[in-house]
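The values are calculated or read from the model by the stated rules, or taken from the named source; none is laboratory data. On a predicted model such as this, the values are computed, not experimentally measured, just so you know. Every residue, glycine among them, receives a Cβ derived from its backbone with ideal geometry; neighbour counts consider all protein chains shown. With ligands, DNA and RNA removed, areas are computed over all heavy atoms of the protein, side chains included. Shrake-Rupley method; radii C 1.70, N 1.55, O 1.52, S 1.80 Å.
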Amino acid sequence: MKAPDHPVPSGDRRIGRLLIAALAALPGVTVDLACHLRSRDPSGDKAARFAALGARAADLLVRRYERDPARRPDLWFTYHLYYKAPDWIGPRIAAALGIPYVVAEASVSPKRAEGPFAANHAAVMAALGQAAASLNLNPRDGTVLRRALPGLRQVPLAPFVDLPPYRRAADARKAHRHHLAETLALPMDRPWLLAVGMMRAGDKEASFRLLAEALAPLADRPWRLLIVGDGPARPAVNAAFAPLADRVHWLGAWDEAALPPLYAACDWLVWPAINEAIGMALLEAQAAGLPVVAGDAGAIPAIIRAGETGLLAPVGDAVAFRAAVAEALDRPGAPLRAAALAVTAAYHGLPAASAQLETVLRDLGVR
């Protein structure tokens with residue numbers, strides 16, 4: 001997947017950076033980004049090529065560590081391996097150095113054991129068979145992993161963010177809302193809905209399309225929709241929202257650091273989350289006190305407490321999603337904002353993640 005220092009933002013890059021931050025926050029822990037090889041194979045026909053590249057990179061790294069023992073790692077950590085992006089490097093290095101191999105957000109798809117992704121699937125299974133621990137950010141992945149690899153040690157790790165910027169934004173909600181109202185000429189007395197997502201073909205475009213379909217029959221309600229995002233599917237997304245043009249404010253792509261005040265200023269984040277694995281924007285929204293209406297996908301039920309910090313709808317069901325948005329528009333927001341802040345502070349902050357990682361490192365004998 002994308003390296004944490006990749007220039008293009010994504011949820012995957014975001015989680016990678018947060019994992020590094022959570023590890024680096026531990027006293028005496030240094031995180032070294034060892035390799036930038038991106039092994040994503042969307043068609044399944046590059047397994048042999050990536051296997052060779054990975055073996056070469058692994059051998060080079062092992063020789064480097066042998067020449068410079070001070071850089072020799074105590075543990076190898078790999079994030080997000082699955083049938084389109086196996087880890088061709090980590091298992092080889094961990095075996096050569098005799099160090100623990102740990103993975104985070106790994107998943108398996110048994111149906112990929114045959115067909116064009118068979119070699120990739122086999123590589124993922126082999127890597128997980130070697131893993132000393134698998135950190136699960138998505139409980140649904142854990143269920144499949146237990147069936148496929150009953151001996152794999154799984155450690156739940158709640159999705160998390162660095163909370164202070166979001167809490168500061170929540171504390172200044174009124175000021176941020178007044179500023180945004182002036183900047184975008186938004187009516188202060190109407191609900192502001194927010195959608196945040198990359199505009200690319202596939203699931204993201206499908207989520208935007210379903211959102212437009214769900215909102216169209218609610219045009220008699222006094223809401224405004226703010227959309228953050230950009231990408232190659234922007235024309236298709238624009239076309240989907242054309243019937244709601246007077247209700248939609250296009251904000252373009254925003255840097256992650258600029259989003260907390262926007263989250264805090266709005267009333268609901270609305271995102272259908274088609275095939276979403278984690279939903280980092282949903283967690284970031286709640287960290288700023290913004291309740292969420294989302295599709296019930298991936299780890300989202302572990303982030304959103306239905307009825308308490310947000311509302312969930314069956315994935316891909318525009319009618320159900322519309323009903324959830326309609327319910328949200330009728331609910332007072334203050335109790336949900338307070339609950340969202342409390343839940344994220346208790347379970348989804350960087351300190352909680354660091355504490356969990358500290359336990360894993362101690363159990364593996366590297367602390």
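Between the range 277-301 and the range 337-367, what is the C-alpha centre distance in whole Å?
So the separation of the two Cα centres works out to 18 Å.
Computed from the mean reciprocal separation of all distinct C-alpha pairs, what Kirkwood hydrodynamic radius does the range 143-252 have, in Å?
Mean inverse Cα-Cα distance, inverted, gives 16.9 Å.
Find, to one decimal place in angstroms, the Kirkwood hydrodynamic radius of the range 1-46, where the mean of 1/r is taken over every pair of different Cα atoms and then inverted.
12.1 Å
Could you tell me how far the Cα centroid of the range 66-113 sits from the Cα centroid of the range 169-227, in Å?
Using only Cα atoms, the two centres lie 40 Å from each other.
Grab the other residues whose beta carbon is less than 14 angstrom from that of Ala320, score K and R as +1, D and E as -1, and report the net.
Residues close to Ala320 contribute a combined charge of -3.
Can you tell me which of 149-159, 337-347 comes out highest on packing, and rank the rest after it, using the mean Cβ neighbours within 10 Å?
Highest to lowest by the protection proxy: 337-347, 149-159.
What is the packing order of peptides 122-133, 17-28, taking the mean over residues of other C-beta atoms within 10 Å and listing the highest first?
By packing density, highest mean first, the sequence is 122-133, 17-28.
For the chain, how big is the tail of P(r) above 27 Å, as a whole percent of Cα pairs?
In whole percent, the share of Cα-Cα pairs in the chain beyond 27 Å is 50.
So how compact is the range 1-149: Cα radius of gyration and Dmax in angstrom?
Final numbers for Rg and Dmax: 15.0, 46 Å.
Relative to the longest principal axis of the C-alpha atoms of the chain, give the angle of the C-alpha long axis of helix 173-184, reported between 0 and 90° and rounded to the nearest 10°.
Once rounded, the angle reads 70 degrees.
Please report the antiparallel percentage of DSSP beta bridges with both residues in the chain, rounded to the nearest 5.
In the chain, DSSP labels about 5 percent of beta bridges as antiparallel.
Where does the charge balance sit around Ala257 when Lys and Arg score +1, Asp and Glu -1, over other residues with C-beta under 15 Å from its C-beta?
+1
On a 0 to 90° scale, report how tilted helix 11-24 is relative to the longest principal axis of the chain, with both axes built from alpha carbons and the result rounded to the nearest 10.
60 degrees
By how many degrees, between 0 and 90 and to the nearest 10, does the Cα long axis of helix 118-130 differ from the longest principal axis of the chain?
70 degrees
Roll a 1.4 angstrom probe over the protein heavy atoms and tell me the percent of accessible area of the chain that is carbon or sulfur.
55 percent
Which net charge results for the neighbourhood of Glu213, defined as the other residues with beta-carbon distances under 13 angstrom from its beta-carbon, given Lys and Arg at +1 and Asp and Glu at -1?
0
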